[in-house]
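Throughout, read-outs are computed from the coordinates displayed, never taken from laboratory work. What you see is a predicted model; the values in this text were computed from it and never measured. Glycine gets a Cβ as well: all are built from the backbone with ideal geometry, and neighbour counts include every protein chain shown.
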Amino acid sequence: MATYNEKAWAFVRKTKTPFTAWDLARIAQVSYSFARHYIRFLKSAGYIKLAGKKGKENAYRTIKITGIKPVKINHHKRVVIDTNTGEEIPLKLQRRSEIQQNIWQTILELQTFTTSQIYDRTFINKDTIRHYLRYLKKAGYIKEFGKEGKETLYKLIREQKDYPPLNKNIQSIKIKNPNQKYQKIWNLIRTLPQFTVKDLSKELPIHPETIRIYIKHLRRAGYLEVIRKTQYDGFLYKLVRNSGEKAPVLRIPRIGTPTVYDSNKNKTYPSIGD
């Protein structure tokens, strides 16, 4: 049975028209993830070049064919291995400025985006993308705009032609928002007719115990009502006091009764009961 490298190279050397990673994956019958990496490596090594767009994807054209033997990629060693010539060509590493400009140009094109959407267009390491997005958020170039699946959706709010270079003073700013987790839980329960803690923990990247404690105090403060106890998932709840967009904030003092402060109503409710 032919390997992914053999299938992919056969497609690349035979096709006469511009192709995308999706074309390579579909026609050569390799995984889409492999197809994206294969294209990235071959482009770096000079076997293919960017030839425009095909729908929303980049399209490429073959410009160098050295033989029928497969041109392989080694993702771990970051090299292209040409079995026709015996060459091992290392993947060209981009300079930091080139990487940031590439991310920034993609942001300018998309306007609203997720980390994965930038990765799909640039193939830049996702951790590198996340690091730069955190900086852009601190510097006021982008803001969180909601969710797309389980990913954060961002929106560009401040444009300029060239990428914003990293500034150590801005990088050192620590953004702390202890109520952010409450807001995520609140946003979700406002959309659900009924739910359990387990339901919420499946959808949110928050520790289940944090969710359980918050839900417990929302119930005690009168925001939630227990519909019934389920056999495996604990209590089934419904929201009965939908006071507004801002999440009620749980306050647990060292001494005294826990409270829930609601900035929508500017009221504080005691968390009492069992």
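A few comments on the model shown:
- Counting only residues at least eight positions apart within a chain, or on another chain, there are no aspartates and glutamates with an alpha carbon under 12 Å from that of residue 7.
- Counting only Cβ charges, +1 for Lys and Arg and -1 for Asp and Glu, the dipole size of the chain around its Cα centre is about 320 debye.
- Within straight-line cross-link reach of residue 137, aspartates and glutamates at Cα separation under 19 Å, skipping those fewer than 8 residues along the same chain: 109, 127, 148, 151, 159, 162
- Degrees, to the nearest 10: 32-45 long Cα axis against longest axis of the chain: 50
- The alpha carbon centroids of region 27-42 and region 86-137 are separated by 18 Å.
- Annotation for region 165-274: GluC sites (Glu not before Pro) lying in DSSP loop with at most 13 further Cβ atoms inside 10 Å of their Cβ are 245.
- Tilt relative to the chain, helix 208-220 - C-alpha long axis, 0 to 90 degrees, to 10: 30
- Label-point separation in nm, residue 10 to residue 231, each point 7 Å along Cα→Cβ: 5.2
- Surrounding net charge for residue 213, when Lys and Arg each add one and Asp and Glu each subtract one, Cβ distance under 12 Å: +4
- Taking a straight line from the alpha carbon of residue 265, these aspartates and glutamates sit under 13 Å away, with near neighbours fewer than eight places off in the same chain left out: 245.
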